[in-house]
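Have a look at the structure below, then the notes.
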Amino acid sequence: MDVDRLLDGVRERLRTPPSCGVARVDLVVLDALRPGKLLRPDLVVRSAAAALSEPRHAPELDDHVVSGALAVELLHVATLVHDDIIDAAPLRRGRPSVVAAAGTGTAIVVGDLLLARGAAAAADSSVAAAGVWAGALEQMAAGQLREEDLAAAPSVAAHADYIALKTAALFRASAEIGALAVGADPVVVDAHGRFGHHFGMAFQHVDDLLDTIGDPAHLGKPVGADRANGVPTAVALVGQGLSSEVTALVVDEIAAAGAAVERSPGGVALLQWAADALQRALLTALDDDGRQQAAPLVAALDDAVRGRAGLETARPV
């Protein structure tokens, strides 16, 4: 399965969305869908590849994978549009947010439009994927609704519950949809889902860390948004900056992600991808001083992958 080619297919569909019949809104949608890191679609594709017991190319499977990857990106962008309304955020990916550029009313409907298109893309991937996609949307909404209670009574446990729903649910869905797209057994779909959950938790911890020590010029958005919005994070609750406690938050989740896919045909490759993604997120969003601070976490992620790869090599056949 050619991961790069399939991701190019996702990018092409994002660059050429159908018209809603209102030209000015089409321009807003096109701007919102400018491809970013595509982390969630990338996970869909890599989960699909990892679920195959042997590499193979089948056009119908490729179509299912691309549709699933498109579905999760549309859901992700739709929730960002709605989040920016709630937070009154002026920027998104270094450009004016949809709400800043088009106003609240248009932004609400653009988010709804993207959700509708995401649901259709999930159904094109598979019936099961449509159910997973809808479940992720429900969980993300439930997570957002917990934000006020988290702010009123912050704790590491409450924050974990919050990000499990608001962030990790979509990563879990992405990994499951990828495995479903290639007809993986239910046990593999579940294992990949648990991998996605733990990766999503680690990713959110890194994102929260970058909101504290990141370089706004590299991030493309202001830092300190969580603090300004009164949303406590586990990173802020357990330590300051890149403390050993913060490193442990991230590395423990990555270790759990690796354990989840220890019997998956491509489990080590998935874990390597996860560590690379987190390292890339860190190193591209920090200035030189920040990169030096991040060196222990980057090294710990490398160690987690090497440790899991060693276990795979040592396991009896």
Relative contact order (%) - criterion: Cα under 8 Å, at least six apart; region: segment 202-242: 42 percent
Per-residue HN-Hα couplings for segment 178-191 [Karplus 6.51, -1.76, 1.60; θ = phi - 60°; Hz; x = Gly/Pro]: x, 5, 4, 4, 9, x, 5, 4, x, 5, 6, 4, 5, 4
Simple label model, 7 Å out from Cα along Cβ direction - residue 306 to residue 108, nm: 5.4 nm
Estimated FRET transfer efficiency (residue 127, residue 155; beta-carbon r; R0 41 Å; 0.05): 0.60
Spin-label proximity, residue 60 to segment 1-40 - amide N less than 12 Å from point 7 Å beyond Cα toward beta carbon: none
Listed residues 84, 289, 161, most fluctuating in the chain (Gaussian network, C-alpha, under 10 Å): 289
Pairwise centroid distance, computed over Cα atoms, of segment 106-125 with segment 227-253, Å: 33 Å
Nonlocal amide H pairs with residue 92, under 5 Å, H built at 1.01 Å: 97
Difference of contour (0.36 nm per residue) and Cα-Cα distance, residue 116 to residue 138: 6.5 nm
Relative contact order computed over the chain (Cα-Cα under 8 Å; 6+ residues apart), in percent: 18 percent
Choice from 74, 39, 114 with maximal GNM fluctuation in the chain (Cα, 10 Å cutoff): 39
Segment 123-140 - phi-based ³J(HN,Hα) in whole Hz, Karplus 6.51/-1.76/1.60, Gly and Pro as x: 5, 5, 6, 5, 4, 5, 4, 4, x, 5, 4, 5, x, 5, 4, 4, 5, 5
Where labels lie 7 Å past Cα in the beta-carbon direction, separation of residue 34 and residue 283 in nm: 2.5 nm
Label-point gap, in nm, between residue 8 and residue 269 - each point 7 angstrom along Cα→Cβ: 1.8 nm
Value at 222 nm in deg cm²/dmol, rounded to 500, when DSSP H runs of n ≥ 4 in the chain each add -39,500 (n - 2.57): -24500 deg cm²/dmol
Neighbourhood net charge (10 Å Cβ-Cβ; Lys/Arg +1, Asp/Glu -1) for residue 166: -2
Length gained when the stretch residue 238-residue 295 is fully extended (0.36 nm per residue, less Cα-Cα span): 18.6 nm
Neighbour-count ranking [beta-carbon atoms within 10 angstrom, fewest first] of 125, 67, 174, 19: 19, 67, 125, 174
Under the Karplus curve 6.51 cos²θ - 1.76 cosθ + 1.60, θ = phi - 60°, whole-Hz ³J(HN,Hα) for segment 157-164, x wherever Gly or Pro sits: 5, 5, 5, 4, 4, 5, 6, 4
For segment 266-312 and segment 190-215, distance of Cα centres in Å: 12 Å
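Computed from the coordinates by the stated procedures, all read-outs in this text should not be read as laboratory data. What you see is a predicted model; the values in this text were computed from it and never measured. Because the Cβ atoms are built from the backbone with ideal geometry, glycine has one as well, and the counts that use them run over all protein chains shown.
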